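Below: the structure, in structure tokens.
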Amino acid sequence: RDSLLLNKGEKDGIQESLPVITSGKVLVGRIGQVFEDYSEVILISSKESSFEAKVAGQDILGVAKGKGSLKLSLELIAKEKTVVKGDLVVSSSLGGIFPQGLFVGEVKTVEKSDVEPFQAAEITLGFAVSDLDKLFIITGF
């Protein structure tokens, strides 16, 4: 389901929907269910996850959608915009879900078709689950 459990919960002031990041300001996900002593983190790669994102340093917006199995794509990118492998993707504050400028990942491949009105890109996540020993919860932005 692309989720993690944190050892902080309701008694620690944790609430649903709060953003979760690494110490390097890499976006990991958001708080899902909250229990008294622990909480669930819904990873950005979860099929339940969808948020506005952009290519860093460019005026290229899209919607980041979790595909499950630690996969993420950036969809609904305007066809006339140029997105290439290696472009960095960051969060956008347009939807109000996450703060602006958090690192999401890197463009792995770009899917562009003459028939489709938009292009999409596969994104390599900016974090590895095995390296997530400390996470930070943003309580206000």
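The values are calculated or read from the model by the stated rules, or taken from the named source; none is laboratory data. Bear in mind the structure is a predicted one, so any value in this text is a computation, not a measurement. Cβ sites come from the backbone with ideal geometry, for glycine too, and all protein chains shown count toward neighbours. Side chains are part of the model used for accessible areas, which takes the heavy atoms of the whole protein and leaves out ligands, DNA and RNA. Shrake-Rupley method; radii C 1.70, N 1.55, O 1.52, S 1.80 Å.
Summary table
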item	result
In segment 18-44, the residues that are open to solvent by 60 Å² or more (accessible area, probe 1.4 Å) and part of a loop (DSSP other than H, G, I, E, B)	Ser23, Lys25, Phe35, Glu36, Asp37, Tyr38
Condition met for Gly68 (open to solvent by less than 40 Å² (accessible area, probe 1.4 Å), in contact (Cβ under 8 Å) with a residue 12 or more places away in the chain, over 23 Å from Phe141 (Cα atoms) and among the small types (Gly, Ala, Ser))	yes
Only one of Glu116, Glu106 that is open to solvent by 30 Å² or more (accessible area, probe 1.4 Å) and farther than 26 Å from Arg1 by Cα	Glu116
Filter result for the condition that a residue is over 16 Å from Leu18 (Cβ atoms) and at pLDDT below 95, over Pro99, Pro117	Pro117
Test: residue in segment 45-57 that is within 17 Å of Ala128 (Cβ to Cβ) and either in contact (Cβ under 8 Å) with a residue 24 or more places away in the chain or not in a strand (DSSP E or B) (or both)	yes
Candidate set from segment 91-102 (those that are over 16 Å from Ser50 (Cβ atoms) and not small (Gly, Ala, Ser)); member that is surrounded by the fewest Cβ atoms within 10 Å (Cβ to Cβ)	Gln100
